[in-house]
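Heads up, the thing below is written out as structure tokens.
The values are calculated or read from the model by the stated rules, or taken from the named source; none is laboratory data. Quick caveat: nothing in here was measured; it's all calculated off a predicted structure. All Cβ positions, glycine included, derive from the backbone under ideal geometry; neighbour counts span all protein chains shown.
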Amino acid sequence: MFGKIASALSSAMTPSAPKPGNTHNDPARAATYSAIASEIAAEHGSVSNDDCAKCDGCDDAIWDGKTYPDYVMERYGDLGELPPGFDVDWDTDLAGSAAGGRGKVVVISTGKSDWERDHVDEKDSLAHHLDKHIQSLKLPAPPAGAVKDLSKRPPASEYILKPDQDHLPSLYSSSLISQSDDPEDQTVLVFPDWTVVQEVENSAEGAAGLYAAALGQGVKTGGTRQRSWVLPYRAIILLCSHKRRDKRCHIAAPLLRSALHTVLAKHDIGIDETGASLAQLDGPAIEDMGEDEREMETRRRMAGIEGIGGGEGGEVGIFNINHVGGHRYAGVMLRIFPMAG
């Protein structure tokens, strides 16, 4: 799908096409958005038209007769601006440019928003131990340029429970504060499983146990004291804040966070920025269920998440992470949903 989106972008940005202006409601920018939205919808992705211009160009009447800036100001207030130096690159394809996000996505609690230039170089961190363990396994890498066939993904209304095993896990250190009972242990979020793993020992042994239980071929019982539950969030937003890797991301992250607070509040959507909502989760841990019960119970718990189907209400987890890599863009925001869309 990423390749198709890149193609759509390229088609919308041909040399003869006018370069989009610096406002959301610029006609050329609306045409670009329309091309991207069509490609996403064709691959069963969810596309929202809220606050967007019409696909055939802009008309002030679609914003209740107001200009777009006045409409935004009235509905959301002042969302702020990026500082000088944050120019918009309309020529380079963004789609497929990032190195991360393949395989399982693993978000590790550190309680910090900046790390060593390569976050796995932080000695005695769980990310360091986990990276070393994965390297020691000498797992075969996928062929260069291999791209998963996203045309076979489930519809947007279905939950993703079967992770992609074609790539190694992508590791991220985060500002998430550990909610484990033992203060020396870490909390880990695993996607697309939509689970939080508690009581992960911050050691080489803990990393090996985490990989065997949650990052290999699925949940296994025994061998570790870690326990996992379904995440209670309707969505997760990860913001790159990695100053030692990219100062622009460090500047952009709080600006994006502020805008997210403003917009989500308008829709009565709560925000968890520490992981406090993960401290006391209901029901038995996934590891304590029978093999036949796990998927059914996981689906039931996910279906019970407030706001999972859209609309107002529910809660979003927003956490800072290290640099994604493989691109030259700032700010960087990853949005993860419990459904295929």
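Side notes on the structure shown:
- Some residue of the stretch 302-315 being in contact with a helix residue (DSSP H, G or I) (Cβ under 7 Å, 6 or more places away or on another chain) and under 30 Å from G85 (Cβ atoms): no
- Taken residue by residue, the stretch 248-264 has no member that is over 30 Å from R75 (Cα atoms) and either at pLDDT below 90 or surrounded by 21 or more Cβ atoms within 10 Å (Cβ to Cβ) (or both).
- Filter result for S175 (among the polar types (S, T, N, Q), surrounded by fewer than 17 Cβ atoms within 10 Å (Cβ to Cβ) and either at negative phi or modelled with pLDDT of 70 or more (or both)): no
- When each of R245, R301 is tested for being within 22 Å of S109 (Cα to Cα) and buried (at least 17 other Cβ atoms within 10 Å of the Cβ), the lone residue that passes is R245.
- Of all residue pairs spaced 6 or more apart or on separate chains, none has beta-carbon atoms under 6 Å together with a first member in the stretch 320-341 that is not assigned by TED's automatic domain parsing to the domain that holds W229 and a second member that is of a type in the set (S, T, N, Q) and at pLDDT 90 or above.
- Pair list, Cβ < 6 Å and 6+ apart or interchain, from the stretch 268-296 residues that are closer than 15 Å to V196 by Cα to residues that are charged (D, E, K, R) and at pLDDT 90 or above: D272/E315; A285/R227; E287/R227
- Those residues of the stretch 269-285 which are among the charged types (D, E, K, R), assigned to a loop (DSSP other than H, G, I, E, B) and modelled with pLDDT of 95 or more, in sequence order: E273
- One residue alone among L231, L210 is at pLDDT 90 or above, buried (at least 22 other Cβ atoms within 10 Å of the Cβ) and farther than 20 Å from L130 by Cα, and that residue is L231.
- In the stretch 74-125, residue modelled with the highest pLDDT [restricted to those that are farther than 14 Å from I321 by Cα and touching a Pro at 6+ places or on another chain (Cβ under 7 Å)]: K104
- Test for P254: is it in a helix (DSSP H, G or I), without any contact (Cβ under 8 Å) to a residue 40 or more places away in the chain and not polar (S, T, N, Q): yes
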